[in-house]
Amino acid sequence: MALTLDDVKRVAHLARITINDAEAQATHTQLTGIFELIAQMQAVDVSAIAPMPHAQDVVQRLRSDTVTEANLREQFQAAAPQVDSGLYLVPKVIE
């Protein structure tokens with residue numbers, strides 16, 4: 001993908017960034033280098049490489065699926081202004 005100096009200035013304008021000619025030229029040089037690196041990476045044949053979920057062979061530690069807190073639902077509902085059938089009643093806010 002060829003990037004021109006006008007493209008850099010246009011993107012800066014769209015992003016509402018004030019940029020002078022020297023900054024635009026420096027940004028153009030950096031972006032061109034990034035695009036060249038991307039092109040080099042895309043040129044590498046990776047068809048024989050299996051996808052990996054992680055760069056290192058790691059396993060996530062899992063904790064046991066057990067309840068760690070007491071059920072305080074009755075206390076919370078006792079403090080609520082209005083409760084019906086275990087549900088909190090709130091005023092209607094949409095007309």
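See the values below:
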quantity	calculated
Region 39-87: C-alpha gyration tensor shape, a/c 1.5 cut-off, then a/b vs b/c	prolate
Acute angle (nearest 10 degrees) that the helix 5-14 long axis makes with the longest principal axis of the chain, alpha-carbon atoms	20
Kirkwood Rh, angstrom, the chain [1 / mean 1/r, Cα pairs]	21.1
Over the chain: helical MRE at 222 nm, DSSP H runs n ≥ 4 each giving -39500 (n - 2.57), nearest 500	-13500 deg cm²/dmol
Under Karplus coefficients 6.51, -1.76 and 1.60, residue-wise ³J(HN,Hα) of region 82-89 in Hz, glycine/proline x	9, 9, 9, 6, x, 10, 7, 9
Cβ-placed point charges (K, R +1; D, E -1), dipole of region 1-85 about Cα centre in debye, nearest 20	100
Selection from 52, 78, 35, by position along the positive dipole direction of the chain (Cβ)	78
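No lab work stands behind these numbers, since they all come straight from the coordinates. These figures come from a predicted structure and were not determined experimentally. No Cβ is skipped: glycine too gets one built from the backbone with ideal geometry, and neighbour counts run over all protein chains shown.
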